[in-house]
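A short worksheet on the structure shown next.
Where a number appears in this text, it was derived from the coordinates with a stated rule and is not lab data. Owing to the predicted nature of the structure, the values given are computational and were not obtained by experimental measurement. Cβ placement follows ideal geometry from the backbone for every residue including glycine, while neighbour counts extend to all protein chains displayed.
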Amino acid sequence: MKTSATPWLRAEGLIVLAAAAIAYHAFHLPWLWFAVLFLAPDLSMIGYTAGARTGALAYNLAHTYALALLPVAAGLLGGGRTALGLGLIWCAHIGFDRALGYGLKLPEGFGQTHLGPIGRARH
């Protein structure tokens, strides 16, 4: 189910990744955090051990910009560098995933996303 919007959504993800990394650099945050925590949102895939519906919910919560922007806002408004850094890493991760075509999961299974099928589901 590739739509004409899919390339735009993937490009948007790449832009978010770049913007988050640029902001991370501009705030002089430690790159070691970035390297260590970049893939942390993917731990949400553990939710799939409880079934596809629960897994999709857990994955989507961990891969939603709205939630990732909360620590960014808290860090900017409250001066918390840790919250800001975690939020920017989280946004960068989501952007990276979207740029690669990994979208929000549908309850039908891990391979079904809002950007179209991935992995074995593509074939």
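Charging the Cβ of each Asp and Glu at -1 and of each Lys and Arg at +1, and nothing else, the dipole of segment 6-109 about its Cα centre rounds to 60 debye.
Available extension along the chain between Phe27 and Leu39 is 2.2 nm, counting 0.36 nm per residue and deducting the alpha carbon span.
Relative protection proxy for 104-117, 79-92, from highest mean packing down: 79-92, 104-117 (other beta-carbon atoms within 10 angstrom). Helical content of the chain, expressed as a calculated mean residue ellipticity at 222 nm, amounts to -19500 deg cm²/dmol (DSSP H runs of 4 or more residues, -39,500 (n - 2.57) each, divided by residue number, nearest 500).
Ordering Gly85, Leu32, Ala99 by the projection of their Cα atoms onto the charge dipole of the chain, which places +1 on the Cβ of Lys and Arg and -1 on the Cβ of Asp and Glu, puts Ala99 at the extreme positive end. Of the peptides 55-66, 32-43, the order by per-residue mean of other Cβ atoms within 10 Å, starting with the highest, comes out as 55-66, 32-43.
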